[in-house]
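Everything on this sheet refers to the single structure shown next.
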Amino acid sequence: MLAMKCKLCLENEDIKKSHIIPNAFFKYMKNNKGRYREVSKEGNKDNQVSYDEYLLCGSCELKFSTEFESYVIDFILRNPGSVGVCSESDSTNITLSNVDFTKLKLFQMSILWRAAVSTLDFYKHVKLAPNIIELLRVNLDTLTPVEANVLPCFMDRIFIDAPNDKTTLADRTESKMFISNPNKIVIDVLGFEYIYFIFGGVEWRFWMHSCSEYFIENNIVISNRGILNMTIKSIGTHNTLLEAGVLARINHLNN
Ligand SMILES: [Zn+2]
């Protein structure tokens, strides 16, 4: 038996294998051979693992899944309407309304926290200060979201080509089928530090500082107003992905 305790509650010892990015996002991407493309600075590769490790006890794992994970999976990967989220879009923006702040914020916090405590190489660029890790742990354990402006997460919708009138459902589905290993961007001059993840057709860009009211008033980060504006980006204009030496479309054509 593994004599380790759950990293969340610090009590239970019935540790299960947990995913950092939930398995539903990996499953969604896997083709009929059970493989997907992984994009990283070290080069792109075909992969089939979904990056799990011993992290949480059964009851904490279940808590994450029922309290916020299934909700976010439903509105990101399936149908926003099924969980009461309204979605409106034009060529540059998607606006979600009636979003459950608590659930989405807890989900964002859980991704960041799990990646930070993970020992997997895939998540090696996600490093947080010990006090931030502990803040996230305590708040996740008690299902208490931090304030909207604390560790704000900017969510952009990523497409292979910018969507237009001809964009089909298949294109939308395909756009959710790649993942990049999380990385850090530091802009020294401005004192900015971001950690970004890409999965589910969304770039999840966490700012390591608190943000001003401007971002909340304009619904650029989720708050208890329940409205979220997601900017639409295409991979071809996405600097961080291009920097990684990647075009998912090229990968796709090479298949
Ligand atoms: Zn636990």
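Scanning region 131-146 for residues that are without any contact (Cβ under 8 Å) to a residue 60 or more places away in the chain, open to solvent by 30 Å² or more (accessible area, probe 1.4 Å) and either touching a Cys at 6+ places or on another chain (Cβ under 8 Å) or not β-branched (Val, Ile, Thr) (or both) gives Asn131, Glu134, Leu135, Pro145. Applying the criterion of being of a type in the set (Ser, Thr, Tyr) and closer than 15 Å to Arg157 by Cα to the residues of region 72-96, the residue that is modelled with the lowest pLDDT is Ser91. Quick check: is even one residue across region 84-100 in contact (Cβ under 8 Å) with a residue 24 or more places away in the chain, within 26 Å of Ser18 (Cβ to Cβ) and either crowded, with 21+ Cβ neighbours inside 10 Å or of a type in the set (D, E, K, R) (or both)? Looking through region 84-100, at least one residue is in contact (Cβ under 8 Å) with a residue 24 or more places away in the chain, within 26 Å of Ser18 (Cβ to Cβ) and either crowded, with 21+ Cβ neighbours inside 10 Å or of a type in the set (D, E, K, R) (or both).
Here's a check for you: in region 6-23, which residue that is among the basic types (Lys, Arg) and at pLDDT below 95 is nearest to the ligand (Cβ to nearest atom)? Ranking the candidates gives Lys16 first. Of the numbered criteria (1) within 16 Å of the ligand (Cβ to nearest atom); (2) modelled with pLDDT under 80; (3) among the hydrophobic types (A, V, I, L, M, F, W, C), the one Val39 fails is (1). Scanning region 157-173 for residues that are in contact (Cβ under 8 Å) with a residue 12 or more places away in the chain, touching a Phe, Trp or Tyr at 6+ places or on another chain (Cβ under 9 Å) and open to solvent by 10 Å² or more (accessible area, probe 1.4 Å) gives Ile160, Asp171, Arg172.
The single residue among Lys103, Lys63, Lys124 that is among the basic types (Lys, Arg) and modelled with pLDDT under 95 turns out to be Lys124.
What tally of residues in region 18-50 results from selecting those that are within 18 Å of the chain's Cα centre (by Cα), open to solvent by less than 40 Å² (accessible area, probe 1.4 Å) and of a type outside the set (Gly, Ala, Ser)? Here the count works out to 10. Among the helices (runs of 4 or more DSSP H) confined to region 46-142, the ones with at least 2 residues that are more than 16 Å from the ligand (Cβ to nearest atom) and touching a Leu at 6+ places or on another chain (Cβ under 9 Å) are located at 70-77, 101-117, 130-141.
For the structure I just gave you, tell me whether Glu69 is of a type in the set (Asp, Glu), surrounded by 20 or more Cβ atoms within 10 Å (Cβ to Cβ) and within 19 Å of Pro145 (Cα to Cα). Taking the combined requirement at face value, the residue satisfies it.
The values are calculated or read from the model by the stated rules, or taken from the named source; none is laboratory data. This one's a predicted model, so the numbers in the text were calculated from it and none came from an experiment. Note that we place each Cβ from the backbone using ideal geometry, even for glycine, and neighbour counts take in every protein chain shown. Areas reflect the complete protein model, heavy atoms only, side chains present, ligands, DNA and RNA absent. Shrake-Rupley method; radii C 1.70, N 1.55, O 1.52, S 1.80 Å.
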